[in-house]
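Nothing in this text is a laboratory measurement; each read-out follows from the coordinates by a stated rule. All values reported here derive from a predicted model rather than from experimental measurement. Here the Cβ is made from the backbone with ideal geometry for all residues, glycine too, and neighbour counts use every protein chain on show.
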């Protein structure tokens, strides 16, 4: 046991006694008259206790501020009390040994429980709150029977480090206080036992490592750092500090998560090797913003702890020093940590940063992702300022004297101010603590008094300390805040911009105003001058069909974007809004978005005032009117003297929908009862016209823009529309024929419809390759994102069956010369060894490519084998073998080839056959091995046959079902017994078959039929009931399922046909089995299973829109 030196008083607690006395013990308050004395102690080794995330002074400040009702302390205390951990009756999980994620989850519960009760004890003086933490400390200190944490397992280092840190913090605080009941004291022996029997095994086997990836580094070593302080371990502490600041000994500096390498001074473009002007980049902002924010939060947590230890750092090497030029962690490398926090805040409130320079994320040749890079800043998760990181940084940097009102750190304050309501909800609800990603949750117990300028508020104190907490309600200007109110989640970039900032706006923009109607409705007002656009950023969550509640006094256009550079990702949606006559209306969105949304407004008819109230996320509450056309914009060709008559609205006079028009040309009419727009343009009206038709259903509006180009005569109109046809291009024959027929008939309306429907036989992307998104009939797994030119987006999947299949429909096939493939930015290993297959029946696959993809960040070419270049295939499958990596993600994919018209039927393929003697043996019992082979053949994604290992001792490698059993067991669809036997020759039972089918199809749900012989103790009971509900395997007339009965070959094909949805019947080419006469009860189903025949899908069917 390491001894402690004499306590050194640093903080007067007279004020606390006064506050406690003014809040007497009563039934309405959780306070007692006991004021806990928190002693600062310095060990012989120089460690300050308490000194993990806080010190004695900040703990006393916290208590004083809570009792006085000062924010942020009182808000976070109130929220802590709303969590499950604040209940005195909440019991610890008391884990015996950690070998999986469940063990970590239970340790996390106990660590948080100990921490919360420790803080409650400090504030209230109630020693009952010491009992559970002491129980927890004793339990984990007594884990002597076997190693508490015998070995690391996947991602354990990411999850467990913070909980070690949390537990150490609680123990360090309790050790610094003396209870009246000596049985509740935390002694040195208890701490030593906890370290030895619980924390050291975690350290040695998991978190005491300095090579983890990016923020995983700080996730792990925060626990290591805290443990070294708790145990007064000088040399290990010095190592943990250096790993936090520089981590010079890491073999992989690309992934290094230290302050220096994560907030990296970039001097070279790692893609080109060229030198660049030095600039700071938060490296993991190239991956996504939530992960980057984890670095900022974690590194601040550890920097504060190092600061509480009064440690000074070598200004270059980041090592512990006593030299005069030593600096604090915050000022290390010229304030590297707060500067990184400011960059993160700036980007996540909507500003662009200076152009990103490619940086390595892997530099160790031993890593599979060697020389992986982040080539651009990532917009994924942008707007990630809703957690604990921004308030933690704002309050601490303020207390440490950083100027947050101007200069580079002003963006931290801007981020803090922009989320005031969300921040209060996060704090007072307790969500800041009671969730998985709660990094920096404890920042408020480590703040000096100067961290906030808020005044005391006795009402806040009474509320937070009340025996019964009132329901959570956040109020602004006397009005409760409900839902997503835009005035509390917008950012006016123009009002916060400094010279040189990148944002959609200018210093001349009129400031956005927060205004409130007499009824209390608050909103953001935007004043628009003619011809000048104005933008704002809103942070929100939108599902497709969500609505913005707005009003306008003139016709305006709204455009929504996902990036400050409007050209980079393009417009998400354009909405026209008429003069709403001062009424609030909803306009609905067609996109999904979570994070930042840039809204650009433009006045279309003179000066305009637009008000934005709220976002309604429940699309079911909104009734967006429908027009007769798709989209919100149409074009109707016309000519002088020709009568135009177009149905553009539903025209139901009995409905609640009303209409209005804007910019209606002279002579034009819109009949609201019929929905018909009619007009006979005059010669004086030749030219382009735009009008707007607005439909209103309740308080939801939708505006259709109608463009009408008026030609001089019919021929001129026909010629104008016919320009859509390019004779040098090849079109899908049916669309080309329709166009030519309409042109011959001189039918202007039909010609416009046919011109809009022209479909290129081989549509092209800008680089000349096949635009497969316009050519396929169906696809999957996000593959449309592989053609968008953005290396951050991707298609693919994790786990088994790593393939992406494209179906070009039963009228088309594709010939290919090569494929170009690029991995997701930063993760080149995720396309390693990928190849391409082709098929015309989706069952028999031909390898097309002669080379495999390599783990490189560059766009690479997979060449089609010479003998396959002239062959065309309906299906293309992009495939990663089972073993290279568990994740398959393609960022960019190009097909160098063409689409041809070549009809092919949709077929059901035979999956079972008879025996050489001409029999089918329908009554023969099916073995487990046979059944699994047949079921594996019905799995569409099963391409990688032979790649899986089989651990069953009774499944021999030369068995015909070995590969199939290996695949199905690896995927978790079948299992053996505890002795690792599969029993492949045993008959498969009805219950076993039902279980496999349920797993194959992912059946879920609890609403299942009752079966008289299937009870709670029946094996596979839930799977059986789900399969019975689907009708694949049925119970008998008495309601019995007979789960242990064997399955015959005839019974199997009946169930398999039902599961795969085989309909229709083969009319020719059916096999003849001597033991299956036409009168056999399963004859038709056997023929379906043993025959290849067309499915009852009409030839010519393609995807919608083709």
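Its relative contact order, with pairs defined as Cα atoms under 8 Å and 6+ residues apart, puts the stretch 772-904 at 38 percent. Relative to the 2.2 N^0.38 Å rule of thumb, the stretch 402-474 has a C-alpha radius of gyration ratio of 1.29. Fewest neighbouring Cβ atoms within 10 Å first, the residues 892, 759 line up as 759, 892. Highest mean packing first, where packing is the average number of other Cβ atoms within 10 Å per residue, the peptides 660-671, 338-349, 634-645 line up as 338-349, 634-645, 660-671. Counting pairs of Cα atoms in the stretch 714-759, how many percent are more than 18 Å apart? Across the stretch 714-759, Cα pairs with separations above 18 Å total 16 percent. The stretch 520-628 has equivalent-ellipsoid semi-axes of 20, 18, 14 Å, by the square roots of 5 times the alpha carbon gyration tensor eigenvalues, sorted largest first. Geometric descriptor of the stretch 233-283, per residue, is 76 Å³ (volume of the convex hull of the Cα atoms).
Neighbour counting of Cβ atoms within 10 Å sorts the residues 767, 1007, fewest neighbours leading, into 1007, 767.
Note on residue 476 and residue 334: the model spin-label points, each 7 Å out from Cα along the C-beta direction, lie 3.8 nm apart.
For the pair residue 1074 and residue 1004, a Förster radius of 51 Å applied to the C-beta separation gives a FRET efficiency near 0.75, rounded to the nearest 0.05.
Could you run the Debye sum over the Cα atoms of the stretch 398-437, one equal point scatterer each and no solvent, and tell me log10 of I(q)/I(0) at q = 0.15, 0.22, 0.27 Å⁻¹, two decimals? These q points yield log10 I(q)/I(0) values of -0.49, -0.77, -0.85.
Considering the stretch 899-962, its Cα convex hull presents a mean projected area of 7.6 nm². Panel order for 707, 369, by other beta carbons found within 10 Å of each beta carbon, from fewest to most: 707, 369. In this calculation the C-beta distance from residue 590 to residue 533 is compared with R0 = 25 Å, giving a FRET efficiency of 0.75. Rounded to the nearest 10 degrees, the angle from helix 990-1000 to the longest Cα principal axis of the chain is 80 degrees.
Relative to the longest principal axis of the Cα atoms of the chain, the long axis of helix 748-757 makes an angle of roughly 60 degrees. Modelled spin-label separation between residue 1045 and residue 767, with each label point placed 7 Å from Cα along the Cα-to-Cβ direction: 5.9 nm. Using Cα atoms only, what is the angle between the long axis of helix 128-141 and the major principal axis of the chain, expressed in degrees (0 to 90) to the nearest 10? So the inclination is approximately 80 degrees. You can think of it this way: the chain between residue 101 and residue 405 has 105.1 nm of extra reach, that is 0.36 nm per residue less the Cα-Cα gap.
For the stretch 772-904, the spherically averaged projection of the C-alpha convex hull amounts to 7.1 nm². Here the gap between residue 745 and residue 581, fully extended at 0.36 nm per residue and compared with their Cα-Cα distance, gives a gain of 54.4 nm. Based on alpha carbons, the Rg and Dmax found for the chain are 34.6, 103 Å. In plain terms, the chain from residue 268 to residue 658 could stretch by 134.3 nm, reckoned as 0.36 nm per residue minus the Cα-Cα distance.
For the stretch 234-386, the equivalent ellipsoid derived from the Cα gyration tensor has semi-axes of 26, 19, 14 Å, listed largest first. Between the alpha-carbon centers of the stretch 530-606 and the stretch 229-260, tell me the distance in whole angstrom. Their Cα centres are 48 Å away from one another.
Measuring nothing but how far apart in sequence close Cα pairs (under 8 Å, 6+ apart) lie, relative to its length, the chain scores a relative contact order of 7 percent.
For the chain, DSSP calls about 95 percent of its internal beta bridges antiparallel. Using the alpha-carbon positions of the stretch 928-986, Rg (one decimal) and Dmax (whole number) come out as 10.3, 31 Å. What's the FRET efficiency of residue 144 with residue 279 using the Cβ-Cβ distance as r and R₀ = 56 Å, to the nearest 0.05? Plugging the Cβ-Cβ distance into 1/(1 + (r/R0)^6) gives 0.60. Where the convex hull is taken over the Cα atoms of the stretch 573-656, what is its projected area averaged over directions, in nm²? Quarter of the Cα hull surface area: 8.6 nm². Computed over Cα pairs, the Kirkwood radius of the stretch 446-597 leads via Stokes-Einstein (1.306 mPa s, 10 °C) to a diffusion coefficient of 86 µm² per second.
Annotation for the stretch 868-912 versus the stretch 288-308: alpha-carbon center distance of 45 Å. Using equal-weight Cα scatterers in the Debye expression, the normalised intensity of the stretch 138-208 in log10 at q = 0.11, 0.12, 0.14, 0.18 Å⁻¹ is -0.30, -0.35, -0.47, -0.72.
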